[in-house]
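**Student:** Next up is a structure, given as C-alpha cells.
The values are calculated or read from the model by the stated rules, or taken from the named source; none is laboratory data. What you are looking at is a predicted structure, and each value in this text was computed from that prediction instead of being measured. Using ideal geometry, Cβ is built from the backbone for each residue, glycine included, and neighbour counts are taken over all protein chains shown. The accessibility values were calculated without ligands, DNA or RNA, using every heavy atom of the protein model including side chains. Shrake-Rupley method; radii C 1.70, N 1.55, O 1.52, S 1.80 Å.
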Amino acid sequence: MDWPMDLLPLPPCAELGVRPLNGLLWTLLLLFLWYCYRVGKHKSGSRRSVLSRAGSCAGAVCSATSNVATGDRGTPCITMETGEEEQGQGYLTPVLSHALFPPQATASGRKLYAALQEYAKRYSWAGMGRIHKGLREQATLNDRSSIQKPHLFFLPDVPSIPFFPRDAHRHDIEVLEANYPIILAEFQAVYQRGIDPKIGWTGLGPKGQAVFPLYSAGVCVAGNCRSCPCTYRTLLSLRTFISSNSLGAAGFWLLGPGATLGGVYGPTNTRLRCHLGVQTPPQCELVVGGEPQCWSEGHCLLVDDSFLHTVSHKGVAEDGPRVIFSVDLWHPNVAAAERQALDYIFCPDQ
C-alpha cells in the first residue's frame with residue numbers, strides 16, 4: 001500500500017517560537033520509516049522471484065538426474081564442462097563421461113582420456129570442456145581433409161593462423177633475441193666438436209638433418225644443457241616455454257643444403273613453435289598453410305606447425321647448414337587451467 005505524503009500525520013507546528021525543532025524531527029522520523037517500508041517491500045518481492053526460479057531449475061536438474069539413474073545405472077554421472085554437443089548443449093551441461101567417449105577411439109586416445117579423468121578427480125572438471133571435446137573428437141580428426149590437422153591432439157575452438165605476430169609472445173621473443181649473441185656462440189662451440197650422437201646429437205638424416213636438443217618431449221637433456229649453460233638459463237627465463245609435458249621441446253635444428261622436408265603436420269595446435277634464426281643462408285624457406293616466410297639471423301618467427309608445412313634449403317654446399325633455435329611456447333588462447341591439465345595428461349611419465 002502506497003502512502004501519499006499528504007496523509008502523513010504530521011504534528012502541528014505552530015508559529016515560530018513554539019518548539020519548531022520538535023516538529024521537524026517527527027517529520028524526518030516518519031520519512032525514514034516510510035523509506036524502510038518501501039525498501040523492505042521491494043526486497044521481499046525480489047526474493048520470492050529468485051526462489052521461484054531456483055525451484056524450477058532444481059526440478060529440472062532432479063528430473064534429469066532421475067532419468068540418468070534409471071536409464072544407465074552402471075555409468076557414473078560426472079558434472080563437468082563440455083563442449084557444444086550435437087544436440088546444442090553447452091560447456092556447463094552435465095554429461096556421462098564414459099557414454100560420450102567414442103567406442104572407435106584408439107588405445108592412445110583412451111589412455112589420454114583416462115589421464116583426464118584422473119586429473120579431474122584430483123583437481124576439478126572446471127575449464128576442461130574443450131579438452132574433453134577434443135579427446136572425444138580425436139578419433140574422427142584424421143579422417144577429414146584439412147590444412148590444419150595435428151596428429152596427436154587437437155584442442156577445439158582455438159583461433160589460429162600459420163604465422164603469429166610478435167605481440168602474441170612479446171616478452172619471450174625479446175628475451176631470445178636479446179640473448180642471440182650468446183646462443184650463437186654456444187651453438188658454434190658445440191658444432192665445432194662435430195655432429196655425433198655420442199655428444200648429444202640426434203635425428204641425423206641423409207641431407208644434413210640433425211638436432212641438438214636441450215629439451216626433448218618435456219624432458220631436460222642434462223648433458224646438452226651443460227654444454228650450453230647460458231642458453232639453458234635463457235629457456236628457464238621464458239614465461240610460456242612448454243617444459244613439463246611431452247608436447248614441448250627446445251634445441252638447435254640443422255638442415256643441410258639441398259634438403260627439403262615437406263607435407264607434415266605438427267602434433268598439436270596447443271603450442272606455437274618459436275624459431276630464432278641462428279644461421280640462415282640464402283634460399284632457405286618455410287611454408288606454413290600455404291604462406292611462405294624466410295628466417296632472419298637474430299630474429300624470431302612464431303609458427304603454428306599444426307598446419308601443413310614444408311621446409312627447404314635450396315642453397316649450395318658452400319652456404320653451410322640452416323640453423324635455428326626452436327622453442328615450443330603455449331598457444332596464447334590456451335587457458336591456464338587447460339595448460340595445467342595438459343601438463344598432467346601429457347606428462348612424460350604417462
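**Student:** Hey, could you check segment 319-337 for residues that are open to solvent by 10 Å² or more (accessible area, probe 1.4 Å) and charged (D, E, K, R) and say which is nearest to ASN245 (Cα to Cα)?
**Tutor:** ARG322
**Student:** Right, here's the next one. List every residue pair whose Cβ atoms lie under 8 Å apart, where the two residues are 6 or more positions apart in sequence or sit on different chains, the first residue falls within segment 107-126 and is surrounded by 14 or more Cβ atoms within 10 Å (Cβ to Cβ), and the second residue, located anywhere, is of a type in the set (Ser, Thr, Tyr) and part of a helix (DSSP H, G or I).
**Tutor:** Listed by first residue and then by second, the contacts come to ALA115/TYR344; GLN117/SER97; TYR119/TYR344.
**Student:** Buried (at least 19 other Cβ atoms within 10 Å of the Cβ), within 20 Å of the chain's Cα centre (by Cα) and in a helix (DSSP H, G or I): which single residue out of ASP167, ASP172 fits that description?
**Tutor:** So the residue among ASP167, ASP172 that is buried (at least 19 other Cβ atoms within 10 Å of the Cβ), within 20 Å of the chain's Cα centre (by Cα) and in a helix (DSSP H, G or I) is ASP172.
**Student:** Out of the residues in segment 186-203 meeting the condition of being in contact with a helix residue (DSSP H, G or I) (Cβ under 8 Å, 6 or more places away or on another chain) and assigned to a loop (DSSP other than H, G, I, E, B), tell me which one is farthest from GLY223 (Cα to Cα).
**Tutor:** Of everything passing the filter in segment 186-203, ARG193 is farthest from GLY223 (Cα to Cα).
**Student:** Go through segment 205-283 and tell me which strands (runs of 3 or more DSSP E), entirely inside it, have 1 or more residues that are free of Cβ contacts under 8 Å to residues at least 60 places away in the same chain.
**Tutor:** Answer list for segment 205-283: 210-216, 260-264, 271-279.
**Student:** Quick check: anything in segment 265-275 modelled with pLDDT under 95, in contact with a Lys or Arg (Cβ under 7 Å, 6 or more places away or on another chain) and surrounded by fewer than 22 Cβ atoms within 10 Å (Cβ to Cβ)?
**Tutor:** Yes.
**Student:** Could you figure out which of (1) buried (at least 16 other Cβ atoms within 10 Å of the Cβ); (2) in contact (Cβ under 8 Å) with a residue 40 or more places away in the chain isn't true of GLY290?
**Tutor:** The single condition GLY290 does not satisfy is (1).
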